[in-house]
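Please read the structure below before turning to the comments.
The values are calculated or read from the model by the stated rules, or taken from the named source; none is laboratory data. All values reported here derive from a predicted model rather than from experimental measurement. Note that we place each Cβ from the backbone using ideal geometry, even for glycine, and neighbour counts take in every protein chain shown. Ligands, DNA and RNA are stripped out before the accessible areas are found, and what is left, the full protein with its side chains, is counted by its heavy atoms. Shrake-Rupley method; radii C 1.70, N 1.55, O 1.52, S 1.80 Å.
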Amino acid sequence: MRSHLCGEVNEALDGQSVALCGWVDRRRDLGGLIFISLRDHAGIIQIVIEPDSPAFADAERLRNEFCVRIKGTVRLRPESQWNESMATGKIELVADEVELLNASAPIPLLMTDDDGEEVRLRYRYLDLRRPRMQHNMGIRSKLNRAIHNHLDGNGFSEFETPILTKATPEGARDYLVPSRVHAGQFFALPQSPQLFKQLLMMAGMDRYYQIARCFRDEDLRADRQPEFTQLDMELSFVDEAGVQSAAEGLVRAVFRDVLDVELPEPFPRMTWRDAMEEYGSDKPDLRYPMRLHSVDEHVSHVDFRVFSGPANNDEQRVAALRVPGGAQFSRKKIDEYTAFVARYGARGLAWIKVNDAEAGLEGLQSPVAKFLDEAAWSGIAAQTGVQTGDLLFFGAGDWLQTSTFMGHLLVRCGEDLELAAEGWAPLWVTDFPMFEWDEESGRHMAMHHPFTAPQSDSADELRANAANALSRGYDIVLNGAEIGGGSIRIHNPEMQQAVFELLGIGKEEAEAKFGFLLEALKYGCPPHGGIAFGLDRVAALMAGEPSIRDVIAFPKTTTAQCPLTDAPSPIGDAQLDELHIGVVTKPEK
Ligand code: ASP
């Protein structure tokens, strides 16, 4: 039907006849001339229909989103009319035939970024026609291709794993599917292929990958989807370095193929403890030229309990954040930051504006400067490198909580002042704690998942010192987003049993839920480890989109619904009976 794609037509085709297919992006009637912007997945081209053209009457009937085939002759535009912002901006197509392939009802969208998300998702097939979305989907497709190319060439085999399966705990609620054949029994949709990929290693498959769909029924935060895509990998006979170099090689290859970007080699690495200490985050955004400074030693002697208390307590800290140029912040702005950190549990935020860095205490403007002496201030100033025009924020209290709220503050100030450096800042975060304490349930939770190996090989040692145990888990972070995480796995049944116990999973429960894994571990399981990347997030970063919904063809809303198909939806009584399900409250729809 077509000889070229709209976005492909260029100066080299001047004078040639071409046939194009696509949609009417816009039609303008200009004193007898009709201009059509014709769009397909490759781009947009300007079509001119002159008054004496045999196509004129047909062109007059066209409206937005009519699907058409247009034949004509490519013509170079006069230089004064070049549109440098369009790839096809130096030419236009003079049409001599306009064939209507299909008309369109009036479009319920503006087809711009101003459309609301609900309506965009309801009419996703129209929304996806937009160049921005075509571009995003193109990036996604290239990303998948680059992954296959790289991994296929590096000894990985692709395997599929079941969707109807048993729960794999990744810390969320399961989506369940009732069994018709076995009354009262349910499949769980996989939260990840975790256990199957480990079983594949036990099955001697050596290096596995899969672009896998995962399902997690969690209260959706803005950036989560109930079903999302992971690039899942697992390798046998490796340690942390083995997994990380395979994963890093992949990320570098993918960035080169898709974006023509060279990432640093090797990626920097940081322990979890250092990441929290210096950036207040387990996913530091190294593009910001800011970090947290522990200034405890300088304020341990001051007559100000808010500082000296935490400074003299090993489990607490006083953290300073230098905000370059922050002395310009108004009182109102500082109050906003104080309210912002309160969301993360901060009871207050001290600040010092440095109006003259040369003038010592005299040069400061601050409600807390009066508590400092010259020794304290010169220590803080030297450590933070503060300069005239900067502001220092101080947080004090429990080490983890203070680090966390100061870390959020760092990013917030960095965003507000647009301090992020251009480009890509990948890194590994390693040496995570094995467990985190959950106040609510009064027990340990796995920081990664229950199959992550501890650094200690001894189950007794782990039991004796669970609170401080480190794991063999790692995360890969890019521009402040966790794009992947994984670990070296437990590969013997005793250690797996010990970790289950520490997580409060008793013998019986472990047997019922993971008996098959415990059994498989008995038959010569190879040491193994792996990683999974959040592919939606990687695609969003590559496309420069803040929301992963903009790189998923058919995403759900933040309330886990699909406005296009209206799923989830009620089902009839007969089907419910067949599934042995009684519904107590029927939804009104
Ligand atoms: N299954 C893990 C996750 O989904 C990743 C891994 O440990 O490989 O986070």
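Filtered by the rule that a residue be of a type outside the set (A, V, I, L, M), open to solvent by less than 50 Å² (accessible area, probe 1.4 Å) and within 20 Å of residue 107 (Cβ to Cβ), segment 44-68 gives 65, 66, 67. The residue pairs whose first member lies in segment 428-446 and is more than 17 Å from residue 505 (Cβ to Cβ), whose second member is small (Gly, Ala, Ser) and open to solvent by less than 20 Å² (accessible area, probe 1.4 Å), and whose beta carbons are closer than 6 Å, counting only pairs six or more residues apart or on different chains, are 429/275; 432/471; 432/473.
For beta carbons closer than 9 Å, sequence separation of 6+ or different chains, a first residue in segment 482-493 that is in a loop (DSSP other than H, G, I, E, B) and a second that is among the β-branched types (Val, Ile, Thr), the qualifying pairs are 490/452; 490/499.
Take the conditions under 43 Å from the mean Cα position of the chain (by Cα), assigned to a helix (DSSP H, G or I) and free of Cβ contacts under 8 Å to residues at least 12 places away in the same chain and apply them to residue 12. Does it pass?
Details: under 43 Å from the mean Cα position of the chain (by Cα): yes; assigned to a helix (DSSP H, G or I): yes; free of Cβ contacts under 8 Å to residues at least 12 places away in the same chain: yes.
So residue 12 fits the description; yes.
With respect to the stated conditions, residue 145 fails to be among the basic types (Lys, Arg) and surrounded by 15 or more Cβ atoms within 10 Å (Cβ to Cβ).
Would you check if there is a residue in segment 454-467 being more than 24 Å from residue 173 (Cα to Cα), touching a helix residue (DSSP H, G or I) at 6+ places or on another chain (Cβ under 8 Å), touching a residue at least 60 places away in the same chain (Cβ under 8 Å) and open to solvent by 10 Å² or more (accessible area, probe 1.4 Å)? Taking every residue of segment 454-467 in turn, none turns out to be more than 24 Å from residue 173 (Cα to Cα), touching a helix residue (DSSP H, G or I) at 6+ places or on another chain (Cβ under 8 Å), touching a residue at least 60 places away in the same chain (Cβ under 8 Å) and open to solvent by 10 Å² or more (accessible area, probe 1.4 Å). Against the test of being of a type outside the set (Gly, Ala, Ser), in contact with a helix residue (DSSP H, G or I) (Cβ under 8 Å, 6 or more places away or on another chain), in contact (Cβ under 8 Å) with a residue 12 or more places away in the chain and farther than 30 Å from residue 136 by Cβ, the options 40, 29 yield a single qualifying residue, 29.
If only one of 370, 353 is crowded, with 18+ Cβ neighbours inside 10 Å and among the basic types (Lys, Arg), which one is it?
On the way: 370 fails: crowded, with 18+ Cβ neighbours inside 10 Å.
Just a single option satisfies the conditions, and that option is 353.
Among the residues of segment 237-295, the one identified as open to solvent by 60 Å² or more (accessible area, probe 1.4 Å) and among the aromatic types (Phe, Trp, Tyr) is 237. Of the residues making up segment 450-461, those that are out of contact with any Pro (no Cβ under 7 Å at 6 or more places or on another chain) and not aromatic (Phe, Trp, Tyr) are 452, 453, 454, 455, 456, 457, 458, 459, 460, 461. Scanning segment 226-241 for residues that are closer than 22 Å to residue 518 by Cα and of a type outside the set (D, E, K, R), we see that the one that is farthest from the ligand (Cβ to nearest atom) is 237.
Taking segment 462-505 as the range and being of a type in the set (S, T, N, Q) and touching a Pro at 6+ places or on another chain (Cβ under 7 Å) as the test, only 471 passes.
Yes or no: segment 328-341 includes at least one residue that is within 21 Å of residue 415 (Cα to Cα), touching a residue at least 60 places away in the same chain (Cβ under 8 Å) and either surrounded by fewer than 18 Cβ atoms within 10 Å (Cβ to Cβ) or small (Gly, Ala, Ser) (or both).
Here is the first cut: in segment 328-341, the residues within 21 Å of residue 415 (Cα to Cα) are 328-341.
Among the residues that remain, those that are also touching a residue at least 60 places away in the same chain (Cβ under 8 Å) are: 328-329, 337, 340-341.
Right, trim to either surrounded by fewer than 18 Cβ atoms within 10 Å (Cβ to Cβ) or small (Gly, Ala, Ser) (or both) and you get 328, 340.
Checking segment 328-341: at least one residue is within 21 Å of residue 415 (Cα to Cα), touching a residue at least 60 places away in the same chain (Cβ under 8 Å) and either surrounded by fewer than 18 Cβ atoms within 10 Å (Cβ to Cβ) or small (Gly, Ala, Ser) (or both).
Out of 166, 142, I need the residue that is within 16 Å of the ligand (Cβ to nearest atom) and under 23 Å from residue 209 (Cα atoms). Which one? After applying the criteria, what remains is 166.
Determine which member of the set 113, 152 is open to solvent by 60 Å² or more (accessible area, probe 1.4 Å), closer than 22 Å to residue 260 by Cβ, among the charged types (D, E, K, R) and without any contact (Cβ under 8 Å) to a residue 24 or more places away in the chain. Give the derivation first.
On the way: 113 fails: closer than 22 Å to residue 260 by Cβ.
152 is the lone residue from the list that is open to solvent by 60 Å² or more (accessible area, probe 1.4 Å), closer than 22 Å to residue 260 by Cβ, among the charged types (D, E, K, R) and without any contact (Cβ under 8 Å) to a residue 24 or more places away in the chain.
For segment 197-215, a residue qualifies if it is among the charged types (D, E, K, R) and either within 11 Å of the ligand (Cβ to nearest atom) or modelled with pLDDT under 95 (or both), and exactly one does: 197. Where helices (runs of 4 or more DSSP H) sit wholly within segment 501-589, those with at least 1 residues that are crowded, with 19+ Cβ neighbours inside 10 Å occupy 507-520, 535-543. Tally time: how many residues in segment 172-196 are open to solvent by less than 80 Å² (accessible area, probe 1.4 Å) and either within 16 Å of the ligand (Cβ to nearest atom) or closer than 14 Å to residue 218 by Cβ (or both)? Total meeting the criteria: 12. Residues in segment 216-225 that are away from the ligand (no atom under 11 Å from the Cβ) and surrounded by 19 or more Cβ atoms within 10 Å (Cβ to Cβ): 225 alone.
Scanning segment 450-466 for residues that are more than 14 Å from the ligand (Cβ to nearest atom) and not in a loop (DSSP other than H, G, I, E, B) yields 454, 459, 460, 461, 462, 463, 464, 466.
Residue count for segment 413-442 satisfying the condition of being open to solvent by 60 Å² or more (accessible area, probe 1.4 Å) and in contact with a Ser or Thr (Cβ under 9 Å, 6 or more places away or on another chain): 0.
In segment 374-386, the qualifying residues are those that are loosely packed, with under 15 Cβ neighbours inside 10 Å and in contact (Cβ under 8 Å) with a residue 24 or more places away in the chain, and the one that is nearest to the chain's Cα centre (by Cα) is 385. Candidates are the residues of segment 296-308 that are β-branched (Val, Ile, Thr) and closer than 12 Å to residue 396 by Cα; the one that is surrounded by the fewest Cβ atoms within 10 Å (Cβ to Cβ) is 306.
Restricting attention to segment 426-445, the residues that are at pLDDT 95 or above and either touching a helix residue (DSSP H, G or I) at 6+ places or on another chain (Cβ under 8 Å) or on the phi > 0 side of the Ramachandran plot (or both) add up to 9.
Condition check for residue 36 on (1) more than 43 Å from the chain's Cα centre (by Cα); (2) crowded, with 20+ Cβ neighbours inside 10 Å: one failure, at (1).
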